[in-house]
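Let me begin by presenting the structure, written as structure tokens, before commenting on it.
The values are calculated or read from the model by the stated rules, or taken from the named source; none is laboratory data. What you are looking at is a predicted structure, and each value in this text was computed from that prediction instead of being measured. No Cβ is skipped: glycine too gets one built from the backbone with ideal geometry, and neighbour counts run over all protein chains shown. Keep in mind that these areas ignore ligands, DNA and RNA; they rest on the heavy atoms of the full protein, side chains included. Shrake-Rupley method; radii C 1.70, N 1.55, O 1.52, S 1.80 Å.
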Amino acid sequence: MTKKKINIFKKFLLYTVIISIMTVHFFNLFTTASYAKESPDSIFAKYAVLLDGDTGRVLYGKNENEKAPMASTTKIMTCIIALEYAKENIFCTTSAYAASMPDVQLNAVKGEIFSINDLLYSLMLKSHNDTAVIIAENIALHYLYDGDDKDSMSPETNTDEQSRMLVLLFASAMNRKAAELGCHDTYFITPNGLDSEDENGIHSTTARDLATIMAYCIKNQDFLNITQSKNHTFTSSLKTSDNNLKTYNSYSVSNSNAFLDMYDNVISGKTGFTGDAGYCYVCAYRCDGRTFIVALMACGWPNNKTYKWKDTRKLLDYARNTYYPSEIISKDMQPDDIIVENGNPSVLHLKIENNNGFTALLSHDDKVNVSIHMQTLSAPVISGETVGEVCAYINNEKIYSLPITAANTIKEKNYVFYLKQLLKRLIFIDKS
């Protein structure tokens, strides 16, 4: 083989290698991009949901409407109830019943006194079970209980029966809030999420309901401040024999939500585990006008503690690569005028109430439809009266609506109207 042919052969081999490398590289890019847009198909959790935190739309679900125990993710509701009832920094006393809760514990003792603010850090950062009951009893006694013996009750002297009554009262407030949020498949018995059952069922929720509750909680800045904290230190007090307070103990709690440091733009989260529930996790992500909520339940049992992080990462990666904000209803949208039968005047002008525009997260596969639905109208119609609605549908699911109201008043053409018209013609007066 001549030297010239050898050089040509070497160049051919070099070009072949380069083309092969480039082909593999582009193939990897293509498959990675394609995978990112596909719905996750290998989630460890038995129950999972990815929610648009702003609209409540399910972006991905796996048994998301099936009821199951949720362990300490319960405490997000405990926290938000306490924040909404206790507008001031009240002091909470530990009962014997609260001190008897199993691990994980703050290890508070009967009679020990804390500020509610400090207890919320203990609740959310370290998930202390006794703390949840201290909060529940004291919030119930201060804000929910109205019995004749209220003034004589105190967690320090309450019997276990009285403590349980206060805890159930607090759980009732949790259930009312769940119902207000549309979480009708959720049932709270305890404020700490320990496995429990009564005549009405088991302590349980669904992945969708849990995510919906978290979407509500992150609207509260105090909730975010607590759950984003790295650590918190505080002290407790005890009453002396002469009814004064003395410092009893000091505490330091650090945040157990490791995912805050594992994934950028995660703004809140809560872990949980019991024997019945398995590992559970709920978290919120917010960035670039997008809010995603991930809720996982029954995501493995001991020796599978990291499954929840893998599932959450997979769902958030999928969400970030697939769903982007898109305007669906413009704030300038204006319905056409309509004719009202037997109306005077006959033309009704319409107005969309509180229209600030509507944006939702969409994938390239989503089908969007905006429709105006009007009532059957006849005179009279009063200005401000609701006469219809504008609705936004994504994949045939109604996701948003606004009322349409009358912008002017339409009187009825009754016999008085026609009599006036006749008289005008008879005397050749036309004031129209």
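Numbers below:
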| read-out | value |
| --- | --- |
| Test set (1) more than 25 Å from CYS287 (Cβ to Cβ); (2) open to solvent by less than 40 Å² (accessible area, probe 1.4 Å); (3) of a type in the set (Val, Ile, Thr) - ILE226 fails condition number | (1) |
| Residues being open to solvent by 50 Å² or more (accessible area, probe 1.4 Å) and either farther than 28 Å from SER326 by Cβ or in contact (Cβ under 8 Å) with a residue 40 or more places away in the chain (or both) - total across region 385-402 | 3 |
| Hey, THR227 in contact with a strand residue (DSSP E or B) (Cβ under 9 Å, 6 or more places away or on another chain), closer than 18 Å to SER122 by Cα and of a type outside the set (Phe, Trp, Tyr) or not | yes |
| Condition broken by ASP317, with the remaining ones in (1) of a type in the set (D, E, K, R); (2) open to solvent by 60 Å² or more (accessible area, probe 1.4 Å); (3) touching a helix residue (DSSP H, G or I) at 6+ places or on another chain (Cβ under 8 Å) satisfied | (2) |
| Options LEU210, LEU194: the member that is open to solvent by 10 Å² or more (accessible area, probe 1.4 Å), hydrophobic (A, V, I, L, M, F, W, C), touching a Ser or Thr at 6+ places or on another chain (Cβ under 8 Å) and under 30 Å from LYS62 (Cβ atoms) | LEU194 |
| Residue in region 132-155 that is closer than 27 Å to ALA298 by Cβ, touching a residue at least 60 places away in the same chain (Cβ under 8 Å) and in contact with a helix residue (DSSP H, G or I) (Cβ under 8 Å, 6 or more places away or on another chain) present | yes |
| Single match in GLU327, GLU341 (criterion: open to solvent by 70 Å² or more (accessible area, probe 1.4 Å) and modelled with pLDDT under 95) | GLU341 |
| Residue in region 213-220 that is in a loop (DSSP other than H, G, I, E, B) and either closer than 15 Å to MET297 by Cβ or open to solvent by 40 Å² or more (accessible area, probe 1.4 Å) (or both) present | yes |
| Which numbered condition GLY61 misses (of (1) under 20 Å from SER204 (Cα atoms); (2) touching a strand residue (DSSP E or B) at 6+ places or on another chain (Cβ under 6 Å); (3) open to solvent by less than 20 Å² (accessible area, probe 1.4 Å)) | (3) |
| Region 39-52 residues that are within 14 Å of MET297 (Cβ to Cβ), paired with ones that are aromatic (Phe, Trp, Tyr) (beta carbon under 6 Å, 6 or more apart) | PHE44/TYR307; LEU50/TYR60 |
| Sole exception among (1) at pLDDT 95 or above; (2) part of a loop (DSSP other than H, G, I, E, B); (3) farther than 22 Å from ILE293 by Cα for GLU64, by number | (3) |
| Index of the failed condition, ILE90 passing every other in (1) under 20 Å from VAL167 (Cα atoms); (2) hydrophobic (A, V, I, L, M, F, W, C); (3) buried (at least 24 other Cβ atoms within 10 Å of the Cβ) | (3) |
| GLY182 under 14 Å from the mean Cα position of the chain (by Cα), outside any strand (DSSP E or B) and not aromatic (Phe, Trp, Tyr) | yes |
| Qualifying residue in region 373-382 (condition: over 30 Å from SER42 (Cα atoms), open to solvent by less than 80 Å² (accessible area, probe 1.4 Å), in contact with a Pro (Cβ under 9 Å, 6 or more places away or on another chain) and modelled with pLDDT under 95) | yes |
| Scope region 229-239; condition open to solvent by 40 Å² or more (accessible area, probe 1.4 Å) and either β-branched (Val, Ile, Thr) or in a loop (DSSP other than H, G, I, E, B) (or both); matching residues | LYS230, THR233, THR235 |
